[in-house]
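> Take a look at this one; I'll ask things after.
The values are calculated or read from the model by the stated rules, or taken from the named source; none is laboratory data. Keep in mind that what you see is a predicted model, and the values were worked out from it rather than measured. Cβ placement follows ideal geometry from the backbone for every residue including glycine, while neighbour counts extend to all protein chains displayed. Note: accessible area is taken over every heavy atom of the protein model, side chains too, but ligands, DNA and RNA are not part of it. Shrake-Rupley method; radii C 1.70, N 1.55, O 1.52, S 1.80 Å.
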Amino acid sequence: MTYRSTILATLLFLVSVQSHAADIRVTGRVIDPQGRPVPGARLQLTQRHPGTTHQITTDDQGRFEFEVTSVGEYLVKANADGFQQVTKVLRISSSSASLDIHLEKITSRAESVIVTANIDETSLTSPDPGQRVIVRQEELDANPGRPGAPISIPGLPIETASGGIKAPQYFAPGVAGDHGEPIAQYISVGSYLVPNNLSANAHGNGYSDPNIFIPEVLESVQVDGGAFNVREGNHSVNLAATYGLRSHLDPFLTVTGDYRDLDVVTGWSPSFDSFLAFQGSYGNGFLDRLEHRQQYKFNGQRVFHVGEHRLTLFGIGYYGFSYVPGLVPIFALNQSDINYPNIGDTIDPRQKDQTHTALVALNDVWQLSQSQQLQLSGFFRTYNLSLFSNFGSDLGLVRQSEFRTVAGGSANYVNKVAEYFSLLGGFDYEREAPRRDDLDSYGFLHPSDPSYYPPFKPVDGNNITIGSLTPYIAADGALARYFRYYLGWRRDEINVNNDDLLFPQNSFQKWVGVNSPKATVSFLPKESWYLPLISLSFGQAFFTEDPRTGVGQGTGTGTSISPGSPAATSHSYQLVASKTVRNTDFKLTLGHVTSSAEVGKIDPDTGLQFDLGPSRLRFMTIAVRHNFSQGSLLATFSKADARVLGFGAAGTSQYVPPQPTPEAPRTIFDLLGTVQKLPWHLEARGEFEYVGAKPLGTGCEPNNPNVECIGIPVKEFRGAVVRPFMNARLTAGVNFLIASGYTGQTTESFYPQTVIQKVVGVRLPSYASVTLTYRFGRTGAP
């Protein structure tokens, strides 16, 4: 009896162990952006230790259920046809766990862009319909391995005022983006928006540098419609682009090159919720002067889970150096130009550009309850610039230099009380401290004696501190069955301290307060209705002006000029309407932005001071996107009217009637196509971009100074063809650019014609490159 009891007890124990080993259940749903279930989605769940993998597909209701044998950390990957892959980390500490997975819709593996009104997806943190670009790791970008914005956003062309490593800028319709102030950029670290703009920068006020990003670590870029939302502050006047980061990188090595440039990128994830990535680039560009460009980048992120806290730590390191190719005359404006064959250009052997920056940011999301969340965040950044550029006979070679530190902190609270009411409240702090923000002139280059350098001459030199204290609040929810609302308010208390190192009498310290209200109402009819989705928004935004006023017209005389207001404000109205008809998305955007005068604006190229404004911008954008079974086609067309409503010389009452805003594109056309399945397993992506001729100011004729200087249109066709091998371990591709025109078009004066201005720019070359990517340990998508 004892023997039998022992056997029975042993069997019961084994059954109990067997039962316990399979009683941990993981359940959840996979849904699309509208909350509808996604049947047939493929999920792969991998345990960190010992590396056990489970695979399953969702049922007709998008539901799934795993049975696992132990608690611990798991990596969940979800794939579905027509959707972007989602990777999440799941920590199981009890006998059950649940997880809902939201998929972003795309139409093909090669596609990277979602362009819809997104009105039905607006939220407390993104109240206005916008455009989102989804980045695929397998995809070749339009300009890999070279300086440039890491992602091409249809309808927003990219330009740079010179070659080398000088950071390019996105241009919105009718906005002179290279001047910096109208467009804001943010890095999404967890739920914290880290500002990527540099106020009072030698390159231009509000300048942002997308060169710091390694493209492979980016998951998305969200471009906000409307003026701004209350979490976005300085420089968010016409546009705000937020870069979203991945949480995980499969180990990879990518080499991109041609006969002039070489780029190497590698990245991996030490743990499920982290990544490290490194990039090194060397190149000579495709212009006559060799750039000898070097760029070294580090991007890293780690997420920690401590109780109900989710901590995200992100860091960037960047160093870049190059010789600047220079601006060249684009064409002869009149017959008299032909009589000066040795007019020369702005290529100067002393031109070069060097910059380095380091950034660390930390975000803590504390989940107080299912509906309440508290965020605590902070960041610290250093930035250095040393630039030598030639600007013709106005100033000749100029040297711009600075070193700055930037620090900031944020706290906000979110409470989703009900469907009709969610509350957001927060407080931001930021302090920028540019030091030795200097511009010096070395005079023009004499063609008959290129070794002659005129005496050194300081133009301006300042130590600047710009600090802001900002409370904000917002609420959103369902106003009625078919309406949603968003109401917000932001108050910025800005302190500007300008220490003029050349002319102390022009130093000043000033506080200014800016109120930024925001309101959005959206109409969301049923899909079966013929009516479109409509969103109407109003907002007020601002940007801090460059405080280096008091330098006169760059004469160095020390003439005292009133610094005016340290912040210029703007008002924005926007109407967005969208409708989907038979798998084709239509979107119409109408915008109207008015901005106050910019007092004592510093020209980003020459350092000269002038007053500008007020100004007005009106624009219309139409986007049409059609999804095919194996690809998609997107067409975007924008037309803008941008005008300076008044202009006065600094310290005078001179007034000139409204005139076009210089260097702002009026016409933008973009056509983007993707094809998933071509013969021999090829995938392709192509984009054609047209930017119409831009007004560039006046002064191109000595006898009629009011004649407009007009640039020439720019045409670019970017394409990529890729093919996977070895079950997607190896991807080989060719990317190319076919271009005509000049980027960075502006006007400059040349020796010996110091009176007549010429239209200049950097020639856009055509090229092709080869890319190879190897993914370690990859065996294809689950």
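> Does Leu671 satisfy the criteria of being at pLDDT below 90 and in a strand (DSSP E or B)?
It is false that Leu671 is at pLDDT below 90 and in a strand (DSSP E or B).
> Additional query: If a residue must be part of a loop (DSSP other than H, G, I, E, B) and β-branched (Val, Ile, Thr), how many such residues does region 184-214 contain?
So the count comes out to 1.
> Write out, first by first residue and then by second, each pair whose Cβ atoms fall under 8 Å of each other, whose residues are 6+ apart or on separate chains, and whose first residue, in region 677-688, is over 10 Å from Val722 (Cα atoms) and assigned to a strand (DSSP E or B) while the second is open to solvent by 50 Å² or more (accessible area, probe 1.4 Å) and of a type in the set (Lys, Arg).
So the pair list comes out as Phe688/Lys715.
> Given the structure, is Arg723 in contact with a helix residue (DSSP H, G or I) (Cβ under 6 Å, 6 or more places away or on another chain) and of a type in the set (Lys, Arg)?
So Arg723 fits the description; yes.
> For Tyr282, indicate whether it is at pLDDT below 95, more than 24 Å from Phe379 (Cα to Cα), buried (at least 17 other Cβ atoms within 10 Å of the Cβ) and not aliphatic (A, V, I, L, M).
The answer is yes for Tyr282.
> What about Leu671, is it hydrophobic (A, V, I, L, M, F, W, C), under 30 Å from the mean Cα position of the chain (by Cα) and open to solvent by less than 30 Å² (accessible area, probe 1.4 Å)?
Criteria not met by Leu671.
> Enumerate the pairs (first residue in region 400-417 and aliphatic (A, V, I, L, M); second residue anywhere and open to solvent by 40 Å² or more (accessible area, probe 1.4 Å)) with beta-carbon separation below 6 Å, excluding pairs fewer than 6 apart on the same chain, so at least 6 apart or on different chains.
As it stands, the answer is Ala407/Phe380; Ala407/Arg431; Ala411/Leu376; Ala411/Phe427; Val414/Gln373, since those pairs meet every condition given.
> OK, next. Which members of region 416-438 meet the condition of being open to solvent by 30 Å² or more (accessible area, probe 1.4 Å), more than 30 Å from Pro547 (Cα to Cα) and assigned to a strand (DSSP E or B)?
Once the filter is applied, which keeps residues that are open to solvent by 30 Å² or more (accessible area, probe 1.4 Å), more than 30 Å from Pro547 (Cα to Cα) and assigned to a strand (DSSP E or B), region 416-438 yields Lys416, Val417, Ala418, Phe421, Leu423.
> Of the residues in region 264-279, how many are in contact with a Gly (Cβ under 8 Å, 6 or more places away or on another chain) and either surrounded by fewer than 20 Cβ atoms within 10 Å (Cβ to Cβ) or among the hydroxyl-bearing types (Ser, Thr, Tyr) (or both)?
Residues flagged as in contact with a Gly (Cβ under 8 Å, 6 or more places away or on another chain) and either surrounded by fewer than 20 Cβ atoms within 10 Å (Cβ to Cβ) or among the hydroxyl-bearing types (Ser, Thr, Tyr) (or both) within region 264-279 amount to 4.
> Next question, about the same structure. Which of the strands (runs of 3 or more DSSP E) contained wholly in region 440-533 include at least 1 residues that are modelled with pLDDT under 85 and open to solvent by less than 50 Å² (accessible area, probe 1.4 Å)?
457-480
> Find the residue count for region 291-307, including only residues that are more than 18 Å from Pro270 (Cα to Cα) and open to solvent by less than 10 Å² (accessible area, probe 1.4 Å).
So the count comes out to 2.
> I've got another one for you. Answer with yes or no whether Asn197 is free of Cβ contacts under 8 Å to residues at least 40 places away in the same chain and under 16 Å from the mean Cα position of the chain (by Cα).
yes
> Turning to a different aspect of this structure: I'd like to verify a number: residues in region 571-581 that are at pLDDT below 90 and touching a strand residue (DSSP E or B) at 6+ places or on another chain (Cβ under 8 Å), how many?
Result for region 571-581: 3.
> Taking the condition of being assigned to a strand (DSSP E or B) and modelled with pLDDT of 75 or more, how many residues in region 582-616 meet it?
Within region 582-616, residues that are assigned to a strand (DSSP E or B) and modelled with pLDDT of 75 or more number 14.
> Please state which one of Leu287, Leu249 is modelled with pLDDT under 85, farther than 22 Å from Val406 by Cβ and not in a strand (DSSP E or B).
Only one candidate qualifies: Leu287.
> Being touching a strand residue (DSSP E or B) at 6+ places or on another chain (Cβ under 8 Å), outside any strand (DSSP E or B) and open to solvent by 10 Å² or more (accessible area, probe 1.4 Å), is that true of even one residue in region 399-412?
So far as region 399-412 goes, no, none of its residues is touching a strand residue (DSSP E or B) at 6+ places or on another chain (Cβ under 8 Å), outside any strand (DSSP E or B) and open to solvent by 10 Å² or more (accessible area, probe 1.4 Å).
> What residue, among those in region 687-732 that are farther than 30 Å from Phe171 by Cα and hydrophobic (A, V, I, L, M, F, W, C), is most open to solvent (accessible area, probe 1.4 Å)?
Among residues in region 687-732 that are farther than 30 Å from Phe171 by Cα and hydrophobic (A, V, I, L, M, F, W, C), the one most open to solvent (accessible area, probe 1.4 Å) is Met726.
> Ok, one more. If I ask for residues that are surrounded by 21 or more Cβ atoms within 10 Å (Cβ to Cβ) and not small (Gly, Ala, Ser), which ones from region 733-746 would you list?
Asn735, Tyr742, Thr743, Gln745, Thr746
> Please state which one of His292, His305 is out of contact with any Leu (no Cβ under 7 Å at 6 or more places or on another chain) and either within 20 Å of Ala732 (Cα to Cα) or without any contact (Cβ under 8 Å) to a residue 60 or more places away in the chain (or both).
Step by step, each of His292, His305 is checked, and only His292 is out of contact with any Leu (no Cβ under 7 Å at 6 or more places or on another chain) and either within 20 Å of Ala732 (Cα to Cα) or without any contact (Cβ under 8 Å) to a residue 60 or more places away in the chain (or both).
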